[in-house]
């Protein structure tokens with residue numbers, strides 16, 4: 001099992017950081033479904049499927065503890081590659097606001113094992129984009 005660790009410091013309250021996190025995570029996964037169902041946060045067991053280009057993302061919410069963590073388990077299918085991915089976001093209070101920690105654990109199956117570097121870079125890029133989007137979401141919320 002491969003591991004990656006990412007962090008970002010946000011200058012906002014823990015509850016505001018969690019609300020922004022839910023919005024950012026939902027955007028590329030279940031979109032407006034959570035809003036349509038009237039759920040304020042993702043529910044454990046909630047499943048989603050999302051296609052972007054050739055890669056299909058299938059996953060489910062493992063745990064969601066408001067306002068401190070969200071855990072997702074996903075399968076990325078890019079035939080003939082298959083990647084099992086577990087994303088765990090943890091929010092920790094700080095004096096200046098909130099620290100967001102994203103731990104990604106993944107295993108490569110089939111042809112994905114032959115493209116280890118490619119998948120490492122893709123997962124690293126995805127995590128960096130997620131945290132960048134989270135920072136932007138918090139900054140936009142502070143402007144309003």
Of all residues in region 126-141 being surrounded by fewer than 13 Cβ atoms within 10 Å (Cβ to Cβ) and more than 17 Å from residue 57 (Cβ to Cβ), which is modelled with the lowest pLDDT? 140
Consider residue 25 carefully, then state whether it is farther than 19 Å from residue 120 by Cβ, modelled with pLDDT of 95 or more and buried (at least 16 other Cβ atoms within 10 Å of the Cβ). no
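Residue-wise test of (1) within 30 Å of residue 110 (Cβ to Cβ); (2) in a loop (DSSP other than H, G, I, E, B); (3) modelled with pLDDT of 90 or more; (4) more than 14 Å from the chain's Cα centre (by Cα).
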site	(1), (2), (3), (4)
18	no, no, yes, no
31	yes, yes, no, no
38	no, yes, no, yes
51	yes, no, no, yes
56	yes, no, yes, yes
76	yes, no, yes, no
Every residue from region 100-125 that is surrounded by 13 or more Cβ atoms within 10 Å (Cβ to Cβ), assigned to a helix (DSSP H, G or I) and in contact (Cβ under 8 Å) with a residue 12 or more places away in the chain: 112, 115, 119, 120, 123, 124
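The values are calculated or read from the model by the stated rules, or taken from the named source; none is laboratory data. As the structure is a computational prediction, the values presented were derived from the model and not from experiment. Using ideal geometry, Cβ is built from the backbone for each residue, glycine included, and neighbour counts are taken over all protein chains shown.
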